[in-house]
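To keep things clear, I will list the structure first and then write my remarks on it.
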Amino acid sequence: MLEAIKQAAYEAGELLKEGFEKNNTIEFKSEIDLVTEYDFQIEQFLMKKLGEAFSEYEVIGEETGSNQQSRDKKIIIDPIDGTTNFIHRIPIVGISIGVVENGEAVAGVVYNPLLDEMYWAQKGQGSYCNDRPLSVTATDTLTQSLIATGFPYTKIDRGDDYRWTVKTFENILPFTRDMRRLGAASIDLCYVASGVYDGYYEINLKPWDVAAGVVIVTEAGGKISGAEGKKYDLEDKLIIASNGKIHDKIIEKMADMN
Ligand code: IPD
Ligand code: CA
Ligand code: CA
């Protein structure tokens, strides 16, 4: 199954590369939440291909929803994770495809065709980028850590999400080596898995942003949790990913979610 998903991601990657060269027509899901014809094209391609190959799975895509009634087995697709990067020609994007069984992410593929990086993992079998096995860092202090985060689309309201994001950034940044905001959650998770980042957190993500990446992190020896270190659920408001060693140190510095 993983091989078929990787193959589909490679093929979808050709579409993404074609679109990256163009000035794309933008549609607005909100004033700042953008979508292009390539998000739709890639999603339709993957939904058809994976829907046909794995008819026992419900296939869910960010832009078009589900192909059938909810089932215990799901394939969850983000056709372009990092659409704002795609539009502004920053080559940090992921085609993210996660396999979820009985609520648990069990396999995942995140492909960045612009850098030709294929991240993949299956429960119990390790994580890889192309053919290279991945493992998280051994860093155990925040001062030696590079931490990534993201900013929720709801920031535009300047409400609770915005205040939490700014407060947590303020609480964590001074204690780290530095922080990054690359603009594609699926890639952020892969970068924790591959030892680029020591940790990452973000609020308001959706299952398609993270379904693939969470397996890639855990199979690389990393830790994923929800708020206060609780067991992570794909519907959780907050995700924290790390090498495990700095996990509690990130949580200690976080603003209160309430
Ligand atoms: C977004 C990216 C971004 C994150 C947003 C996501 P999209 O996904 O992953 O890094 O901060 O919250 O929604 O909209 O580009 O698929
Ligand atoms: Ca996304
Ligand atoms: Ca997307």
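The values are calculated or read from the model by the stated rules, or taken from the named source; none is laboratory data. Computed from a predicted model, the values in this text were never measured in an experiment. Cβ coordinates were reconstructed from backbone atoms using ideal geometry, including for glycine residues, and neighbour counts include every protein chain displayed. Heads up: the accessible areas ignore ligands, DNA and RNA and are worked out on the full protein's heavy atoms, side chains in. Shrake-Rupley method; radii C 1.70, N 1.55, O 1.52, S 1.80 Å.
Numerical summary
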{"item": "³J(HN,Hα), Karplus 6.51/-1.76/1.60, whole Hz, each residue of region 125-140, x for Gly, Pro", "result": "10, x, 10, 9, 10, 6, 9, 8, x, 10, 8, 6, 6, 10, 4, 10"}
{"item": "Across Lys22/Lys167; Lys29/Lys74; Lys6/Lys231; Lys22/Lys155, pairs whose alpha-carbon gap is larger than 32 Å", "result": "Lys22/Lys167"}
{"item": "Helical contribution to [θ] at 222 nm, DSSP H n ≥ 4, -39,500 (n - 2.57), averaged over the chain, rounded to 500", "result": "-10000 deg cm²/dmol"}
{"item": "List Glu37, Glu43, ordered by accessible area with a 1.4 Å probe, largest first", "result": "Glu37, Glu43"}
{"item": "Potential extension, Gln144-Arg89 segment - 0.36 nm per residue separation minus Cα distance", "result": "16.7 nm"}
{"item": "Two-decimal ratio, region 147-258, of alpha-carbon radius of gyration to 2.2 N^0.38 Å", "result": "0.95"}
{"item": "FRET E, pair Asn67, Ile251, Förster distance 51 Å, beta-carbon r, rounded to 0.05", "result": "0.85"}
{"item": "Label point distance in nm, Met1-Glu56, each placed 7 Å from Cα along Cα→Cβ", "result": "0.8"}
{"item": "Extension reserve of the Phe28-Asp116 stretch, reckoned as 0.36 nm per residue once the Cα distance is removed", "result": "28.8 nm"}
{"item": "For region 200-258, fraction of C-alpha pairs farther apart than 15 Å, in %", "result": "42"}
{"item": "Beta bridges by DSSP in region 142-255, antiparallel share as percent, to the nearest 5", "result": "55"}
{"item": "Loop trypsin sites (Lys or Arg not before Pro), region 50-106 (other Cβ atoms within 10 Å of the site Cβ: 13 or fewer; DSSP)", "result": "Arg71, Arg89"}
{"item": "For the chain, built as a Gaussian network whose Cα springs stay under 10 Å, the top-fluctuating residue of Ile97, Ile26, Ile224", "result": "Ile26"}
{"item": "Cα pair distances exceeding 14 angstrom across region 27-85, given as percent", "result": "54"}
{"item": "Carbon and sulfur %, accessible surface of the chain computed with the full protein complex present, 1.4 Å", "result": "48"}
{"item": "Solvent exposure of region 2-133 as accessible area per residue, Å², 1.4 Å probe", "result": "46"}
{"item": "Region 35-134: radius of gyration over Cα atoms, expressed as a fraction of 2.2 N^0.38 Å", "result": "1.09"}
{"item": "Hits among aspartates and glutamates - C-alpha to C-alpha of Lys253 under 12 Å, sequence gap 8 or more where chains match", "result": "Glu170, Glu228"}
{"item": "Whether the chain is rounded, prolate or oblate, judged on the alpha carbon gyration tensor where a/c under 1.5 counts as rounded", "result": "prolate"}
